[in-house]
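The values are calculated or read from the model by the stated rules, or taken from the named source; none is laboratory data. Because the structure is a prediction, the values reported are computed rather than measured. No Cβ is skipped: glycine too gets one built from the backbone with ideal geometry, and neighbour counts run over all protein chains shown. Note: accessible area is taken over every heavy atom of the protein model, side chains too, but ligands, DNA and RNA are not part of it. Shrake-Rupley method; radii C 1.70, N 1.55, O 1.52, S 1.80 Å.
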Amino acid sequence: MINRRLLYLNTHRLTAYLWRAGTLTQEATFELRVEEHERFTAYLRTHRNSHFQLLVNVSEEGYQLESIPFLRGADRQAIITRKIGQHFFGTPLASATSLGYEKDKRKNEKLLLSALTNPAHVSPWLSCIQAADAPLAGIYTVAQLGGILLQKLRRPATRCLLLTLQDHSIRETYLINGHTQFSRMAPLTDSSIAGIATSFAAEAGKLLQYLIGQRLIGRSDTLPVYVLAHPQAIPAIRSACRDSGNLVFEILDSHQQAKQLALKSLPDDSRSDLLFLHLLATAPPSQQFASEDHRHDYRISQIRYGLIALGAIALLGGALFAAKDFLLTYRLNEEAQELIARTAEMDFRYREISATFPQIGIDNDTLRRITNRHGELQSHQRLPDAAYRLIATALNQSPAIYLESLDWRLGEASKPTSTSNRAIPNLSNSDEVITLNGQIRLDSSASARQTLAALEEFVRFLAVDRNNLVKITKQPFDIDSSQALRGGDKDEAGSQPRQFTVQITRGLAP
Amino acid sequence: MKFSLRDLQKLQWHALLAAVLLILAVALGLWSQQRSKQAQAERAVADNQLQQIDKRLRQVRTEEQEIKARTTLFQQLEKSGITGEEKRLEWIELLRELQQQLSLPGMNYEFGPQISLDSVAGAAYAYHSSHLRIQLRLVHEEDLLNFTQQLQQRAKALVLLRSCRISRVTDATSLAQLGADCDMEWVTLRRASGVKAP
């Protein structure tokens with residue numbers, strides 16, 4: 001939190017206040033002497049991390065209404081600077097307040113130019129501020145705060161006078177729509193309650209005459225006059241300030257108004273310094289008198305706090321992001337713990353069920369794989385008995401067929417030539433292949449046609465099962481057109497047994 | 001506003017503090033994000049484990065009878081001697097016993113080296129096979145059927161007959177009428193080396 005310190009400069013001295021949560025604490029007073037400047041510089045250096053605002057209440061103020069063409073940006077600023085130079089030559093402490101635009105075609109902008117016309121009164125203090133590198137937020141006048149005060153106190157008069165007491169003088173401010181049009185300071189000769197009351201009444205009349213004389217108001221216009229005073233002084237002021245034809249007085253209780261403004265340090269007398277200082281701390285005017293050179297350290301301070309704020313925001317953002325992640329992590333951990341608990345419970349149930357099984361020392365997946373593979377291997381465990389029975393039946397029905405050899409094998413796998421070096425055997429064959437080698441023995445008078453017919457009949461007996469595929473791989477006679485066919489007197493048909501080969505393929509259901 | 005070197009000196013510690021705060025913020029964010037990702041991974045692992053055990057539990061419930069039947073079969077395999085190391089001594093004793101029992105006039109055999117039938121990496125058990133080439137002298141072809149049938153029933157292995165060739169014997173001095181030349185695979189189930197029992 002940035003400490004805010006308010007510097008109040010009047011014609012006699014400069015007073016420093018610490019403002020904190022509506023409480024104003026006077027910290028130091030510096031008289032208008034050269035030797036006090038060092039003390040002021042030391043004070044500023046002590047509080048160099050604070051932001052300072054300077055409120056000036058002097059009589060050397062100037063106000064000037066101006067009208068400039070409708071401009072924006074640098075052009076507008078240039079013409080304002082020129083106008084200020086024309087009206088308030090020689091002072092850098094000037095400001096311009098826009099009062100709106102004229103409603104004609106040219107839309108000229110109305111400006112209130114104001115300045116502290118005696119910069120020598122402020123300059124030594126500004127030098128101290130610059131020497132101490134103290135951040136000065138701005139220079140303001142009491143007159144600037146009049147409109148804000150009435151706005152805060154909900155006194156929205158179009159035109160009005162505000163009379164307040166500061167130090168030993170009365171501040172008279174003429175306002176239109178909350179904007180100060182004119183302000184002046186009248187010295188107070190009698191500081192008693194009666195004297196103050198009389199001065200308020202007298203100064204109100206004088207200011208009215210001045211405004212009429214300046215044609216700022218009409219002679220018959222009624223002007224509300226707000227007078228800010230201590231509760232004890234109100235009866236005296238009320239009796240002194242009677243409503244006249246043009247002036248309608250309203251006496252404002254400074255204590256009540258301070259409470260309304262949330263100022264906790266109530267004024268001890270009719271002076272309004274504390275109210276204006278509090279207003280300066282809580283609602284500073286948008287315009288001020290300090291140049292950018294005077295505010296250089298204030299900008300530096302703003303950058304400093306901006307950097308810290310940036311870091312703090314980043315840290316806060318990181319913390320929020322981390323908090324979100326931590327929340328997510330916590331939730332995920334909770335879920336994981338719940339899942340682990342459920343897993344443990346299911347694992348326990350699984351073990352309970354598994355415990356009812358015979359204990360064989362292997363897991364179910366391995367058991368399943370082993371037994372499946374066993375079933376698969378067992379399906380290939382065959383004997384040639386069925387094939388032998390088929391062939392025996394066919395042989396019984398074919399007496400001319402004489403069997404020489406019988407080769408049974410599963411599938412087309414060839415026999416390994418050696419048992420010592422071999423590959424993984426293919427055990428997936430599902431067909432039986434039987435190769436028969438034999439002879440046909442008929443009477444010597446049997447013709448070749450009869451020999452072939454005997455073989456055909458034998459083959460027919462073998463093919464009695466539809467699953468059997470019977471193929472003659474070697475005929476007893478080479479009657480194939482692609483082969484040479486020889487014969488003669490010595491090789492009469494049926495004179496000797498004829499060789500043949502038959503292959504049977506039996507499809508076996510798994 | 002113009003900056004001078006002195007202004008930068010005034011700002012240096014605040015800039016450093018802001019940088020430290022920024023680094024802290026980023027570090028905090030990254031750290032929390034990493035923790036969050038780790039938690040997500042742990043949750044995913046826990047969820048995966050739950051899915052697996054849930055699947056196994058449902059499977060074991062529905063396949064309770066099947067598992068019991070498979071367990072019984074495995075126990076039968078153990079009892080019949082198919083599991084474990086090959087018992088070649090018992091095998092050759094069985095061959096001799098069958099030859100004598102069936103009065104086979106002659107028998108020659110050769111067992112090949114054992115090889116693995118399965119190539120399942122990391123599997124606890126694997127089937128292995130030893131090739132047998134056997135030559136028999138037979139009085140009758142039924143001797144061959146009886147011999148192979150007895151082998152399949154009594155051998156401490158799963159005996160798979162692959163081929164058999166029967167041919168007539170021309171030697172008149174021998175009792176044998178037929179000669180048989182057969183190939184078989186003697187399959188056993190063995191625990192893989194280096195894999196411990198669960």
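Over region B:1-138, the ratio between the Cα radius of gyration and 2.2 N^0.38 Å evaluates to 2.61. Cross-link partners for A:Lys471 among the lysines, with Cα-Cα distance under 29 Å and sequence neighbours closer than 8 places in the same chain left out: A:Lys415. The Cα atoms of region A:301-363 cover 83, 18, 7 Å along the three principal axes, with the biggest extent listed first.
Any number yet on Rg/Rh for region B:51-115, C-alpha, Kirkwood? Can you show the working numbers first?
Details: Rg = 20.4 Å, Rh = 15.7 Å.
My calculation of the ratio gives 1.29.
The shape of region B:122-198 can be summarised by an equivalent ellipsoid whose semi-axes, obtained from the alpha carbon gyration tensor, come to 36, 11, 8 Å from longest to shortest.
Using the alpha carbons alone, the radius of gyration of region B:1-70 stands to its Kirkwood radius in an Rg to Rh ratio of 1.66. Exposed loop sites, defined as trypsin sites (Lys or Arg not before Pro) outside DSSP H, G, I, E and B with at most 12 other Cβ atoms within 10 Å, are absent from the longest region of chain B, namely B:3-195. Averaging 1/r across all pairs of distinct Cα atoms in region B:77-129 and inverting the result yields a Kirkwood radius of 13.5 Å.
Taken along its three principal axes, the alpha carbon spread of region A:163-277 comes to 40, 28, 22 Å, from the longest extent down to the shortest.
Report, in debye and to the nearest 20, how large the dipole of region A:206-278 comes out about its Cα centre when Lys and Arg carry +1 and Asp and Glu carry -1 on their Cβ.
In total the dipole reaches around 180 debye.
Mind checking which of B:Ser116, B:Ser130, B:Ser32 has the largest fluctuation in a GNM of chain B, springs on alpha carbons under 10 Å? In this elastic network of chain B, the residue with the biggest mean-square fluctuation among B:Ser116, B:Ser130, B:Ser32 is B:Ser32. For region A:115-224, the relative contact order is 19 percent, taking Cα pairs closer than 8 Å that sit 6 or more residues apart in sequence and dividing their mean separation by the residue count.
Lysines within cross-link reach of B:Lys37: Cα-Cα under 19 Å, excluding same-chain residues under 8 positions apart? Once the sequence-local lysines are set aside, what remains near B:Lys37 is A:Lys324.
Of the chymotrypsin sites (Phe, Trp or Tyr not before Pro) found in region B:1-49, those in coil by DSSP whose Cβ has at most 15 other Cβ atoms within 10 Å are B:Phe3. Cys residues of the protein assembly as shown that find no other Cys beta carbon under 4.7 Å: A:Cys128, A:Cys160, A:Cys241. Here the calculated FRET efficiency for B:Ala44 and B:Arg6, from their Cβ-Cβ distance with R0 = 51 Å, stands at 0.35, rounded to the nearest 0.05. For the set A:Asp221, A:Asp480, the ranking by accessible area, highest first and with no ligand, DNA or RNA atoms included, is A:Asp480, A:Asp221 under a 1.4 Å probe. Spin-label model, A:Asn396/A:Arg154: points 7 Å from Cα along the beta carbon direction are separated by 12.9 nm.
If you model region A:1-156 as an ellipsoid using its alpha carbon gyration tensor, with each semi-axis the square root of five times an eigenvalue, the axes come out at 32, 19, 14 Å, biggest first.
Placing +1 on each Lys and Arg Cβ and -1 on each Asp and Glu Cβ, with no other charges, gives region A:1-116 a dipole about its Cα centre of roughly 520 debye. The chymotrypsin sites (Phe, Trp or Tyr not before Pro) of region A:64-139 meeting both criteria, a DSSP state outside H, G, I, E and B (loop) and at most 16 other C-beta atoms within 10 angstrom of the site's C-beta, are A:Phe70, A:Phe89.
Cross-link pairs exceeding 28 Å in C-alpha to C-alpha distance, out of A:Lys83/A:Lys105; A:Lys83/A:Lys107; A:Lys110/A:Lys152; B:Lys55/B:Lys87; A:Lys264/B:Lys2, comprise B:Lys55/B:Lys87; A:Lys264/B:Lys2.
The share of Cα pairs per 10 Å bin across region A:9-53, counted from zero up to the longest distance, runs 26, 55, 19, 1 percent. The trypsin sites (Lys or Arg not before Pro) of region A:97-136 meeting both criteria, a DSSP state outside H, G, I, E and B (loop) and at most 13 other C-beta atoms within 10 angstrom of the site's C-beta, are A:Lys103, A:Lys105, A:Arg106, A:Lys107. In degrees between 0 and 90, to the nearest 10, how far off the longest principal axis of chain A does helix A:142-152 point, with axes built from Cα atoms? With rounding to tens, the tilt is 60 degrees. The orientation-averaged projection of the convex hull spanning the C-alpha atoms of chain A amounts to 62.0 square nanometres. Its Cα gyration tensor gives region A:266-339 an equivalent ellipsoid. The semi-axes, each the square root of 5 times an eigenvalue, are 50, 21, 8 Å from largest down.
So for region B:68-198, what percent of the C-alpha to C-alpha distances run longer than 20 Å?
In whole percent, the share of Cα-Cα pairs in region B:68-198 beyond 20 Å is 50.
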